[in-house]
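Here's the structure, in structure tokens; my notes come after.
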Amino acid sequence: MTDHLDLTAYYDTYKKCLLPPQLFEELDQLKNIILKTNKSGGQIFFAGNGASAAIASHLALDLTKQGGVRSTTFHDAGLITAFTNDFGGDNWLSKACDMYVESTDLVIFISVSGESPNVVNAARRLRERGIQVGSFTGKKVDNALRGQSDYSFWVDSNAYNIVECIHMIWLTTVVDMIIGKSEYSVS
């Protein structure tokens, strides 16, 4: 195989994407929104597809266990398969949001493309209900999910792994901001 990855260019993309202007202010704003939602009795929901679902699960766990903020995902296999069977793949997440999310909650969607129909439809439905929506996306700056979000974090890259890793860094940064430090016991 003659193809090879130019690691210098690869990591230069990470450097370029990791710290956009106003990132610190936006992360601080998200931290405050999460804490306000928690204080008012609301819950934080995370959702995504594929690797973004794995990031969502990781964040819900860390935010709950380490950060003391009630958080969860919609990624139970039984829920997904039953709701997909009954409501279709593009609508299962909207229906889950209808049944679980309350007016005091915040839902954060993670999607590299920002175009996944199930995620965009759920965000649209939540906005119709007046519920706060946050998003972490990449690829096109004007993706559909960003257009349905009150709070939007966008990575200027088309590379799935780069976008997903930066999403993870930004989201775990918010957890550490809530805790107030980056090194702590997890037990």
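Taking segment 115-162, which residues are free of Cβ contacts under 8 Å to residues at least 24 places away in the same chain and either within 21 Å of residue 83 (Cβ to Cβ) or assigned to a loop (DSSP other than H, G, I, E, B) (or both)?
Across segment 115-162, the qualifying residues are 127, 128, 141, 142, 150, 158.
Per-residue answers, yes or no, for (1) in contact with a helix residue (DSSP H, G or I) (Cβ under 8 Å, 6 or more places away or on another chain); (2) farther than 15 Å from residue 126 by Cα; (3) assigned to a helix (DSSP H, G or I):
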| residue | (1), (2), (3) |
| --- | --- |
| 16 | no, yes, yes |
| 31 | yes, yes, yes |
| 37 | no, yes, yes |
| 52 | yes, yes, yes |
| 72 | yes, yes, no |
| 81 | no, yes, yes |
| 89 | yes, yes, no |
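Quick check: anything in segment 69-81 surrounded by 15 or more Cβ atoms within 10 Å (Cβ to Cβ), within 17 Å of the chain's Cα centre (by Cα) and farther than 24 Å from residue 177 by Cβ?
Within segment 69-81 (the criterion being surrounded by 15 or more Cβ atoms within 10 Å (Cβ to Cβ), within 17 Å of the chain's Cα centre (by Cα) and farther than 24 Å from residue 177 by Cβ), the answer is yes, since at least one residue qualifies.
For (1) surrounded by 13 or more Cβ atoms within 10 Å (Cβ to Cβ); (2) under 16 Å from residue 69 (Cα atoms); (3) out of contact with any Ser or Thr (no Cβ under 7 Å at 6 or more places or on another chain); (4) modelled with pLDDT under 95, each residue gets a yes or a no:
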| site | (1), (2), (3), (4) |
| --- | --- |
| 24 | no, no, yes, no |
| 31 | yes, yes, yes, no |
| 34 | yes, yes, yes, no |
| 40 | no, yes, no, no |
| 44 | yes, yes, no, no |
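List the residue pairs whose Cβ atoms are under 9 Å apart, where the first residue sits in segment 174-187 and is more than 19 Å from residue 24 (Cα to Cα) and hydrophobic (A, V, I, L, M, F, W, C), the second is surrounded by 10 or more Cβ atoms within 10 Å (Cβ to Cβ) and modelled with pLDDT of 95 or more, and the two are 6 or more positions apart or on different chains.
Between residues of segment 174-187 that are more than 19 Å from residue 24 (Cα to Cα) and hydrophobic (A, V, I, L, M, F, W, C) and residues that are surrounded by 10 or more Cβ atoms within 10 Å (Cβ to Cβ) and modelled with pLDDT of 95 or more, the close pairs are 186/62; 186/65; 186/66.
Can you pull out every residue in segment 108-156 that is among the polar types (S, T, N, Q) and either closer than 20 Å to residue 69 by Cβ or touching an Asp or Glu at 6+ places or on another chain (Cβ under 8 Å) (or both)?
118, 121, 132, 135, 143, 149
I need the full set of residues from segment 1-14 which are of a type outside the set (Phe, Trp, Tyr) and either closer than 22 Å to residue 152 by Cα or part of a loop (DSSP other than H, G, I, E, B) (or both), in order please.
Within segment 1-14, 1, 2, 3, 4, 5, 6, 13 qualify.
For segment 142-171, which residues satisfy the criterion of being among the aliphatic types (A, V, I, L, M) and within 19 Å of residue 24 (Cα to Cα)?
Listed by number, the residues that qualify are 155, 163, 166, 168, 169, 171.
Is it fair to say residue 176 is among the acidic types (Asp, Glu) and either assigned to a helix (DSSP H, G or I) or buried (at least 20 other Cβ atoms within 10 Å of the Cβ) (or both)?
yes
Across segment 91-115, what is the number of residues that are farther than 23 Å from residue 33 by Cβ and in contact with a helix residue (DSSP H, G or I) (Cβ under 7 Å, 6 or more places away or on another chain)?
Within segment 91-115, residues that are farther than 23 Å from residue 33 by Cβ and in contact with a helix residue (DSSP H, G or I) (Cβ under 7 Å, 6 or more places away or on another chain) number 4.
Taking segment 84-102 on its own, how many of its residues are among the polar types (S, T, N, Q) and touching a residue at least 60 places away in the same chain (Cβ under 8 Å)?
Total meeting the criteria: 0.
For residue 24, only one of the following conditions fails: (1) under 26 Å from residue 158 (Cα atoms); (2) touching a helix residue (DSSP H, G or I) at 6+ places or on another chain (Cβ under 9 Å); (3) assigned to a helix (DSSP H, G or I). What is its number?
The single condition residue 24 does not satisfy is (2).
The values are calculated or read from the model by the stated rules, or taken from the named source; none is laboratory data. Here the structure is a predicted model, which is why all the values come from computation and not from measurement. Here the Cβ is made from the backbone with ideal geometry for all residues, glycine too, and neighbour counts use every protein chain on show.
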